[in-house]
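Participant: Structure provided below as structure tokens; questions to follow.
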Amino acid sequence: MMTVTAARQLRNGAVCFVGIGLPSAACNLARLTHAPDLLLIYESGTVGTRPVVLPLSIGDGELAETATCIVPLPEVFAHYLQRGRVDVGFLGAAQIDRFGNLNSTVIGDYSHPSVRLPGAGGAPEIATYAREVLVIMKQTPRSFVERLDFRTSCGYLGGGGERAASGCPGGGPKAVITDFGVLRPHPDTQELELAALYPGASLAAARAATGWALKVAADLESVPLPEPEVLAALRDLNARTERAHAAPIHITLPLAP
Amino acid sequence: MELLPLTEAIAAYVKDGQTVALEGFTHLIPFAAGHEIIRQERRKLHLVRMTPDLVYDQLIGMGCAERLTFSWGGNPGVGSLHRLRDAVERGWPQPLALTEFTHAEMAVAYQAGASGLTCALMPHHATTDLEAVPGAPVKMLRCPFSGAPLTAVPALIPDVTLLHAQQVDAAGNVLFRGIVGAAKEAAMAARCVLVTVEERVARLNADLNALVLPAAVISAVSIVPGGAYPSYAQGYYPRDNGFYLAWDQIARDRKTFTAWMERHVLGVRDHATLLRTLGVAA
């Protein structure tokens with residue numbers, strides 16, 4: 001449901017900076033269904049890639065073989081993101097706050113962390129430069145927090161236009177897709193509000209899974225069930241991927257001299 | 001450029017206490033070279049790499065490193081690097097100091113090093129806490145022309161950069177095909193470049209704009225087929241995603257990790273033996 005909901009946010013023709021995991025699944029599902037002209041850029045430098053199976057890592061060979069071009073890593077960030085050529089960026093994180101700011105660096109104090117997370121990677125620049133950002137995260141009280149332990153990447157900073165006033169070029173998080181539904185920023189305060197619930201998900205459970213007092217949009221929507229053809233495309237994609245990843249690796253060594 | 005067996009190349013060029021970068025973004029990660037550094041028990045290294053990956057988990061867990069400069073330290077698509085976490089969170093087997101960039105910053109830091117600059121410049125936006133952590137490597141300044149805020153990123157200049165590539169030709173030129181990451185920048189920034197390759201050929205299969213490092217910028221080349229495994233070499237073998245998944249369990253526990261390293265890295269003579277032991281080569 002998260003993958004299908006995320007895929008629906010993508011319009012055909014958009015230039016999309018893709019992260020690994022759910023974002024990659026969502027982008028490719030969109031490309032295989034309603035958005036065939038989505039331009040996918042993975043931070044490994046593969047531009048315009050059309051993978052037949054989903055990659056496990058950000059730089060699987062499948063991404064290179066099906067790419068329009070492969071650019072060196074500094075160019076991905078400088079020429080595409082920093083120059084403002086990316087429409088949509090996807091992010092996940094360990095923690096998010098009510099203004100869509102994200103933590104993927106540490107839990108606890110930076111110098112003495114209780115959990116050292118992988119760190120920034122491309123996230124701060126994606127959050128800063130993409131015209132819009134889509135966040136995909138499971139909603140729990142530990143991840144949807146009143147206060148971040150560390151701000152790795154920006155959402156709307158303190159809200160109320162602070163982000164734009166700081167000169168930050170991108171548009172910020174347009175939607176946060178969770179396992180309960182979709183949160184969107186309030187147009188004025190920019191606080192994330194519950195905008196849509198999945199069929200069967202309860203408002204009370206969504207509130208209980210949020211570490212701040214979650215507001216609900218005036219016109220709370222119900223997310224439509226996935227269309228049968230979209231579900232079929234997703235199942236095909238996942239099945240192809242599982243088969244490909246299960247194939248054993250053989251390396252042929254030259255005979256010893 | 002000299003053609004050397006990997007054991008001799010590491011012995012000759014990689015010394016205790018050096019700043020050492022093993023690059024390759026998911027693709028062409030020089031695992032065989034990393035393992036040889038572990039076998040030769042290098043210590044107090046300052047390891048540099050954008051995405052530390054499993055090879056740095058192994059170097060850190062085996063006590064080779066005292067500092068890490070990086071921009072994303074996870075097992076791609078899987079989760080944490082448990083040895084990296086253990087070193088940072090609990091100081092095992094020794095404490096690990098961190099210098100932390102974003103990918104974009106680290107890419108330009110290599111570019112600055114490769115260009116003979118002391119620093120690189122990026123637009124500055126006050127959006128991350130990273131610039132405020134103790135010992136943060138970046139500084140803010142103003143553009144002398146427009147007055148726009150800029151981030152200055154100090155140049156990265158490794159003592160040694162180690163890379164894996166597909167081919168070396170008879171003259172010692174080296175070809176990289178596929179995802180190249182910041183390999184070129186890390187090489188051109190370094191004082192010394194070592195490359196392992198899949199094979200030696202008479203003539204490189206290179207398009208006009210292919211990434212070729214000329215022999216003149218390389219100190220030594222070692223022929224190590226499968227040298228990127230469990231990472232991959234485009235056109236030779238794919239990434240062993242199953243191994244990356246399995247590593248999560250191997251590295252989670254200190255004893256399991258140490259036993260694996262003793263059996264598969266310390267306990268084998270070379271990379272070909274490791275590949276045979278793991279059943280990926282006959």
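Participant: Considering each of A:ALA218, A:ALA204, A:ALA244 in turn, give the residue that is in contact (Cβ under 8 Å) with a residue 60 or more places away in the chain, outside any loop (DSSP other than H, G, I, E, B), of a type outside the set (Lys, Arg) and more than 19 Å from A:PHE90 (Cβ to Cβ).
Facilitator: A:ALA244
Participant: Counting just the residues of the range B:73-128 that are surrounded by fewer than 19 Cβ atoms within 10 Å (Cβ to Cβ), under 16 Å from B:LYS139 (Cα atoms) and within 9 Å of chain A (Cβ to nearest Cβ), which one comes out modelled with the lowest pLDDT?
Facilitator: Filtering the range B:73-128 for residues that are surrounded by fewer than 19 Cβ atoms within 10 Å (Cβ to Cβ), under 16 Å from B:LYS139 (Cα atoms) and within 9 Å of chain A (Cβ to nearest Cβ), the one modelled with the lowest pLDDT comes out as B:ALA126.
Participant: Taking B:THR26 and the conditions (1) within 26 Å of B:ILE218 (Cβ to Cβ); (2) in contact with a Pro (Cβ under 9 Å, 6 or more places away or on another chain); (3) more than 11 Å from chain A (Cβ to nearest Cβ), which numbered condition does it fall short on, given that it satisfies the others?
Facilitator: Only one criterion in (1) within 26 Å of B:ILE218 (Cβ to Cβ); (2) in contact with a Pro (Cβ under 9 Å, 6 or more places away or on another chain); (3) more than 11 Å from chain A (Cβ to nearest Cβ) is unmet by B:THR26, namely (3).
Participant: Can you name the residue in the range A:52-76 that is of a type in the set (Val, Ile, Thr) and part of a loop (DSSP other than H, G, I, E, B) and, of all such residues, is nearest to B:GLY181 (Cα to Cα)?
Facilitator: A:VAL71
Participant: Let me ask another. Which of the residues spanning the range A:104-145 are closer than 16 Å to A:GLY21 by Cα and facing another protein chain (nearest Cβ under 7 Å)?
Facilitator: A:PRO118, A:GLY121, A:GLY122, listed by residue number.
Participant: Quickly run through the range A:114-131 and pick out the residues that are of a type outside the set (Val, Ile, Thr) and in contact (Cβ under 8 Å) with a residue 24 or more places away in the chain.
Facilitator: If the condition is that a residue be of a type outside the set (Val, Ile, Thr) and in contact (Cβ under 8 Å) with a residue 24 or more places away in the chain, then A:GLY119, A:ALA120, A:GLY121, A:GLY122, A:ALA123, A:PRO124, A:GLU125, A:ALA127, A:TYR129, A:ALA130, A:ARG131 are the ones that fit.
Participant: Which strands (runs of 3 or more DSSP E) sit wholly inside the range B:139-243 and have at least 1 residues that are within 14 Å of chain A (Cβ to nearest Cβ), surrounded by fewer than 19 Cβ atoms within 10 Å (Cβ to Cβ) and in contact with a helix residue (DSSP H, G or I) (Cβ under 7 Å, 6 or more places away or on another chain)?
Facilitator: Ranges flagged: B:211-213.
Participant: If you scan the range B:55-72, which residues turn out to be over 15 Å from A:VAL106 (Cα atoms), among the small types (Gly, Ala, Ser) and either buried (at least 21 other Cβ atoms within 10 Å of the Cβ) or facing chain A (nearest Cβ under 9 Å) (or both)?
Facilitator: Answer for the range B:55-72, where residues must be over 15 Å from A:VAL106 (Cα atoms), among the small types (Gly, Ala, Ser) and either buried (at least 21 other Cβ atoms within 10 Å of the Cβ) or facing chain A (nearest Cβ under 9 Å) (or both): B:GLY61, B:ALA65.
Participant: Residue check, A:ASP60 against (1) of a type in the set (Asp, Glu); (2) within 30 Å of B:VAL88 (Cβ to Cβ); (3) at pLDDT 95 or above, all met but one. Which one?
Facilitator: A:ASP60 satisfies every listed condition except (3).
Participant: I would also like to ask the following. Out of (1) away from every other protein chain (no Cβ under 14 Å); (2) under 18 Å from A:ALA26 (Cα atoms); (3) in contact with a strand residue (DSSP E or B) (Cβ under 7 Å, 6 or more places away or on another chain), the odd one out for A:ASP179 is which?
Facilitator: Only one criterion is unmet by A:ASP179, namely (3).
Participant: Consider the range B:244-277. How many of its residues are in a loop (DSSP other than H, G, I, E, B) and under 13 Å from B:ALA32 (Cβ atoms)?
Facilitator: Counting residues in the range B:244-277 that are in a loop (DSSP other than H, G, I, E, B) and under 13 Å from B:ALA32 (Cβ atoms) gives 3.
Participant: Within the set of pairs 6+ apart or on separate chains, which have a first residue in the range B:259-272 that is over 17 Å from B:GLY63 (Cα atoms), a second that is in a helix (DSSP H, G or I), and C-beta atoms under 7 Å apart?
Facilitator: Taking only residues 6 or more apart or on different chains, the pairs are B:VAL268/B:LEU274; B:VAL268/B:THR277; B:HIS271/B:ALA32; B:HIS271/B:HIS35.
Participant: When the residues of the range B:94-108 are filtered to those that are in a helix (DSSP H, G or I) and free of Cβ contacts under 8 Å to residues at least 60 places away in the same chain, which remaining residue is nearest to B:THR26 (Cα to Cα)?
Facilitator: The qualifying residue nearest to B:THR26 (Cα to Cα) is B:HIS103.
For every residue, the table says whether it meets (1) within 11 Å of the chain's Cα centre (by Cα); (2) at negative phi.
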residue	(1), (2)
B:THR19	no, yes
B:GLU23	yes, yes
B:THR26	yes, no
B:ILE37	no, yes
B:HIS46	no, yes
B:PRO52	yes, yes
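The values are calculated or read from the model by the stated rules, or taken from the named source; none is laboratory data. Since this is a predicted model, take the numbers as computed values, not measurements. Note that each Cβ is placed from the backbone with ideal geometry, even for glycine, and that neighbours are counted across all protein chains shown.
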